[in-house]
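Enquirer: My structure is below; once you've seen it, I'll send some questions.
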Amino acid sequence: MSDPVGCAPVPFDPVPLVAAELGLPPAGVAAVAKLLGEGATVPFIARYRKELTGGLDEVQIRAVEERRAYQEELHKRRTTILASLAEQGKLTDELQGRIRACTTKTELEDLYLPFKPKRRTRATIARERGLQPLADRILAQPRAGDPRQEAAAFVDPARGVGDPDAALAGARDIVAEACAEHAGARRLVRERYLRLGSLRAEVVPDKQNEPTKFETYYDFQEGVATIPSHRFLAIQRGEAEGVLRSRLELDLAPLRPALQEQLGLDSRSPFAGELETALDDGLKRLLLPSVETDVRLALKEQADRDAVEVFADNLRHLLLAAPLGERPVLGVDPGIRTGCKCAALDATGRFLATVTIFPGQGGGATERARRDVLALVQEHRPFAIAVGNGTGGRETEAFLRRTLTEAGLRETLVVAVNESGASVYSASDLAREEHPDLDLTIRGAISIGRRLQDPLAELVKIDPQAIGVGQYQHDVHQPLLGRELAEVVESCVNRVGVEVNTASAPLLGHVAGIGPALAKKIVRHREEHGPFRSRAALRQVTGLGPRTFEQAAGFLRVRHGEHPLDASAVHPERYGLVERMARDLGVGTKDLVGDEELARRIELGRYVDGEVGLPTLRDILAELAKPGRDPRDQFTPPRFREDVQTLEDVQPGMELEGIVTNVTAFGAFVDVGVHQDGLVHVSELADRFVRDPREVVKTGDRLQVRVLEVDRVRRRLSLTARQDGGRRGRAPAGADAGPGTAHRDRPGDGQTGRASCRERV
């Protein structure tokens, strides 16, 4: 991008800036920038171009991508501002140097603010009345002169200046605006707010006697520098709902002398009083409101980043949860009034049969339910029965276990499965496309069953925001949330790899380089021509060109493919290298793949060349030892107490085993099998101080907890994971959790999950 007329062109290269900012090798950053510019994907770069990048991982590559974009946007804006100033004839060498030295957009906009076209203000009107020279005298702070006498020269009733006082008042309006737009003054006030300011929240007067979910914040104050993201977002939500109002507070007494020094006030000047009056006016009327807006935006941006990070981390662990694997299952969507929908699935997740049972209605209905479910089990022989953990889930589990035990089928597992978002999927266009002839309730049961078989493959079919993890997801910047979550899904899918002959189009769409449209073409080609017999056969798919094949091939698996490496993470571009390794060992390639002993005999140093280094060779060696190894943990079923099925069964002091369903900034929510998730506050997670709950727990973890408090009215459960019994003297359950609503899979809301404490965020 060229610089404005009159300015010397300055070539722009963001690489050195990004490398310095992130503390990364410039060569690696340059390689990432080049590869991204050529259309390479982040997973591909991280996995297959380690020699070029110096082994940068996905997190580092995405940071390079983000900061490079920021620096390019900053440069573009800088160029636009320089052009505007040159056009105005106000671009001095000193100003140009300061603009070029800016490292943030905020700093850049502060410098440009005095020259930015603006609406008509009091200062504008004063300039129209010819008072700019008088304002300049005030700003200059001369040691001689009389303000009132000099103001008399500007009296002009025809222009609205009736007397010297009016002239001085108008001049002070100009000075006040200049003070408010002074870059150094704005930087000083902003820094003071961020370091020493506080956020005060209070209840709206007509709500003060009403119990709401925001009671914690009815009279609340916390430092701007220390307020956690979840509390800031809670206050913002309270304001949006008309319950709270808030303001930023700052002690102005020590600020005024610093601003006076910044603006050059000279107590010996006869104009000092005018400058001081104008500064005070500009501070209260213009500068503080403007900077307060900036600080609120900064707090919101940081809170958004923190909340999105928490959401992304939870989603990552959820997607990478241990799969049951390719085994037949029975998916059950519990229902009290409408019955439990049961769906039999084969080992690949293909729907086989369905039945609806009513085990809770007693009498003949219970007996029919027992008979119908046993017939389904005996016909399709599921390895496990997946029961959704919604309303009636524990009762349904108990019924199924009794039924199987009485029938001598104890080997069949009964497993509770998190059903958050299942109803969202069942009503989606994708579900209708996959199962056009089935009722949406049956589709929900299918989804629950498939989640047990492979959580990743099934959850990618649902908008991540409908899965029910994270905090204040509807309050954060949605494009940021959407982008981050999409990156998490992409990362998880490519880390695990995808079997091309069984994967759904939504799963294939997240493979590096493919996308939704091409994924559908792959599935259509598979349906029309039969299973792919090799990775190379993917080239026959319309629209899948050489570049896409390069990006995607290493993440696609072809089990029992024509080439022995087709089921591994070894990229086809390295097949020749592995074949050479096999020849050097005197064996066939097929013999080498999966033989750890043979793999250990490979001397990696022999194969280092200009293209392939030790990082790639070590990856190849690991794949040869365990080709296509799934990085996820082995599946183990959760175990809840049989005598605890509802909140009414829970008593303080009980020791329970639970599954962590959500981790937030203030604690972890745990499913103990009673439909209402309990909160383990951050102070109750360990016997030591814990700053961030993610230090000790993650979504999907098993956790031994003790019940501290049961609030059956508000349906809240307070738990501790401390070995010392927990501190009972802290705030009640949920006091720090923030507000929210509790509706499982509420259509159109996106804030899904069980009706529980989880939904207070």
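Enquirer: Please give the FRET efficiency for ARG432 paired with GLU528, using the beta carbon to beta carbon distance and R0 = 25 Å, rounded to the nearest 0.05.
Expert: Approximately 0.70, to the nearest 0.05.
Enquirer: Give the order of TYR575, TYR193, TYR112 when sorted by the count of other beta carbons within 10 angstrom, beginning with the fewest.
Expert: Result, fewest neighbours first: TYR575, TYR112, TYR193.
Enquirer: Give me the lysines in straight-line cross-link reach of LYS521: C-alpha distance below 26 Å, same-chain residues under 8 apart excluded.
Expert: Straight-distance partners of LYS521: LYS461.
Enquirer: Now, a different point. Could you give each residue of the stretch 35-45 its phi-based ³J(HN,Hα) in whole Hz, using Karplus coefficients 6.51, -1.76, 1.60 with θ = phi - 60°, and x for Gly or Pro?
Expert: Listing the rounded values in order: 5, 4, x, 8, x, 6, 8, 4, x, 5, 4 Hz.
Enquirer: Setting aside same-chain residues fewer than 8 positions from LYS626, which lysines have a Cα under 23 Å from its Cα?
Expert: Those lysines meeting the cut-off are LYS50, LYS590.
Enquirer: Treat the chain as a sphere of radius equal to its Kirkwood radius over Cα pairs and apply Stokes-Einstein at 10 °C in a medium of 1.306 mPa s; give the translational diffusion coefficient in µm²/s, rounded to a whole number.
Expert: 52 µm²/s
Enquirer: Which number do you get for Rg(Cα) / (2.2 N^0.38 Å) in the stretch 172-249?
Expert: Its radius of gyration relative to the 2.2 N^0.38 Å reference: 1.39.
Enquirer: Another question, then. Where in the stretch 174-198 does the label zone of SER290 land, with the point 7 angstrom along Cα→C-beta and an amide N cut-off under 15 Å?
Expert: The answer is 174-191, whose backbone nitrogens lie closer than 15 Å to the label point.
Enquirer: Related question: Multiply the residue separation of ASP633 and ARG120 by 0.36 nm, subtract the distance between their alpha-carbon atoms, and state the gained length in nm to one decimal.
Expert: 178.2 nm
Enquirer: For the pair ARG381 and GLU657, what calculated FRET efficiency results from E = 1/(1 + (r/R0)^6), where r is the Cβ-Cβ distance and R0 = 25 Å, to the nearest 0.05?
Expert: After rounding to 0.05, the efficiency reads 0.30.
Enquirer: What's the magnitude of the charge dipole for the stretch 510-581 around its Cα centre, counting Lys and Arg as +1 and Asp and Glu as -1 at the beta-carbon? Answer in Debye, nearest 20.
Expert: Here the size comes out at about 140 debye.
Enquirer: Could you list GLU579, GLU490 in order of exposure, starting from the residue whose Cβ has the fewest other Cβ atoms within 10 Å?
Expert: GLU579, GLU490
Enquirer: Thinking of the stretch 515-625 as a set of Cα atoms, what percent of all their pairs are more than 26 Å apart?
Expert: 25 percent
Enquirer: May I ask what percent, to the nearest 5, of DSSP beta bridges between residues of the chain are antiparallel?
Expert: 75 percent
Enquirer: Under a plain spin-label model, where a point goes 7 Å from the Cα along Cα-to-Cβ, how far apart in nm are GLU301 and ASP136?
Expert: 3.6 nm
Enquirer: Using amide H atoms built in the peptide plane, which far-off residues or other-chain residues are under 5 Å from THR661 H to H?
Expert: HN-HN under 5 Å from THR661: PHE669, VAL670, ASP671, GLY700.
Enquirer: Then there's this: Applying the Karplus parametrisation 6.51 cos²θ - 1.76 cosθ + 1.60 with θ = phi - 60° to the phi angles of the stretch 89-97, what ³J(HN,Hα) value in whole Hz is obtained for each residue in order, glycine and proline being reported as x?
Expert: x, 10, 8, 8, 4, 5, 5, 4, x
Enquirer: How far apart, in nm, are the 7 Å Cα→Cβ label points at ASP687 and VAL608?
Expert: If labels sit at ASP687 and VAL608, their model points lie 4.8 nm apart.
Enquirer: Determine the relative contact order of the stretch 515-625: mean sequence separation of Cα pairs under 8 Å and six or more apart, normalised by residue count, in whole percent.
Expert: Relative CO of the stretch 515-625 lands at 18 percent.
Enquirer: Calculate for the chain the 222 nm mean residue ellipticity that helices alone would give, adding -39,500 (n - 2.57) per DSSP H run of length 4 or more and normalising by residue count, nearest 500 deg cm²/dmol.
Expert: Value at 222 nm, helices only: -13500 deg cm²/dmol.
Enquirer: Can you run phi through the Karplus equation (6.51, -1.76, 1.60; θ = phi - 60°) for the stretch 486-501 and list ³J(HN,Hα) in whole Hz, with x for Gly and Pro?
Expert: 3J(HN,Hα) across the stretch 486-501, in whole Hz: 4, 5, 5, 4, 4, 4, 5, 4, 6, 5, 7, x, 10, 6, 5, 8.
Enquirer: If I take R0 = 30 Å and measure r between the Cβ atoms of ASP724 and GLU21 in this structure, what FRET efficiency does the formula 1/(1 + (r/R0)^6) give, to the nearest 0.05?
Expert: Once the sixth-power term is evaluated, E becomes 0.10.
No value in this document is a laboratory result; all are computed from the given coordinates. Keep in mind that what you see is a predicted model, and the values were worked out from it rather than measured. Cβ coordinates were reconstructed from backbone atoms using ideal geometry, including for glycine residues, and neighbour counts include every protein chain displayed.
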